Amino acid sequence: LGRGREIFVLHATDASTGFVRAVVVADALLSAGVASAVLVVAADAYTKLFDKSELKVSPLFSDGASAVIVSSSPRETGGARGKARRWEILSSAFMSEGDKSGDLFIENDEARASGHLSMNGGGVFNFVLRNIGTTLERLYGSAGLEAGQVGEWYVHQGSRAVVNAAEKAVGAPPDSLFRSS
């Protein structure tokens, strides 16, 4: 590396929330002045953790990757993919219940070196229903906003039932947040 350049690498496994949590960590590093730019790369390879015939998980989990550069100052984009955008994180909130970890986990499996993905879909759905209201209240409160002041929502595409619950919680029109493609 060139003189005066430092690279900090952090690896974390956090499934569906990994990308969002990584962007929040990147924002914190930028806000603290620890970094001037952060490359966030999220990649998941779930198909090695289950058989396609397992209908509890195969329709919901797949392989994918995404990347974004988060910067404390505007950057030139040098390409046809689009121009830099200004975004600001007003608030973030994450919820977990350790005693419910058995509802979604990767267990050791001698047949698969990487383990086996197991999910109790009803338990995960009930977790969402139990916590979405409280989580939204925390988000609104720490951002200084009220319900209805958010112009656009981006919802993780779990199941249609979970997205419909999110639509109801945020007051979005039915079927407005579910994307089939």
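Per the listing G2, G33, the residue uniquely at pLDDT 85 or above and exposed (fewer than 10 other Cβ atoms within 10 Å of the Cβ) is G33. Just to be sure, is A15 among the aliphatic types (A, V, I, L, M), modelled with pLDDT of 85 or more and either over 16 Å from the mean Cα position of the chain (by Cα) or within 26 Å of Y154 (Cα to Cα) (or both)? No: the conditions fail for A15.
Being part of a strand (DSSP E or B) and over 18 Å from G18 (Cβ atoms) is the filter here; which residues of the range 90-111 pass it? Answer for the range 90-111, where residues must be part of a strand (DSSP E or B) and over 18 Å from G18 (Cβ atoms): E107, N108, D109.
Confirm whether T77 is at pLDDT 90 or above and β-branched (V, I, T). When the stated conditions are applied, T77 does not pass them. Consider the range 106-131 and keep the residues that are open to solvent by less than 40 Å² (accessible area, probe 1.4 Å) and under 22 Å from A147 (Cβ atoms). The one that is modelled with the highest pLDDT is N131. Is it the case, given these coordinates, that A42 is more than 26 Å from M95 (Cα to Cα), open to solvent by less than 40 Å² (accessible area, probe 1.4 Å) and either out of contact with any Pro (no Cβ under 7 Å at 6 or more places or on another chain) or modelled with pLDDT of 85 or more (or both)? No, not satisfied.
The values are calculated or read from the model by the stated rules, or taken from the named source; none is laboratory data. Keep in mind that this is a model prediction, so the values were computed, not measured. Using ideal geometry, Cβ is built from the backbone for each residue, glycine included, and neighbour counts are taken over all protein chains shown. The protein model used for the area step is the full one, side chains on, heavy atoms only, and it has no ligands, DNA or RNA in it. Shrake-Rupley method; radii C 1.70, N 1.55, O 1.52, S 1.80 Å.
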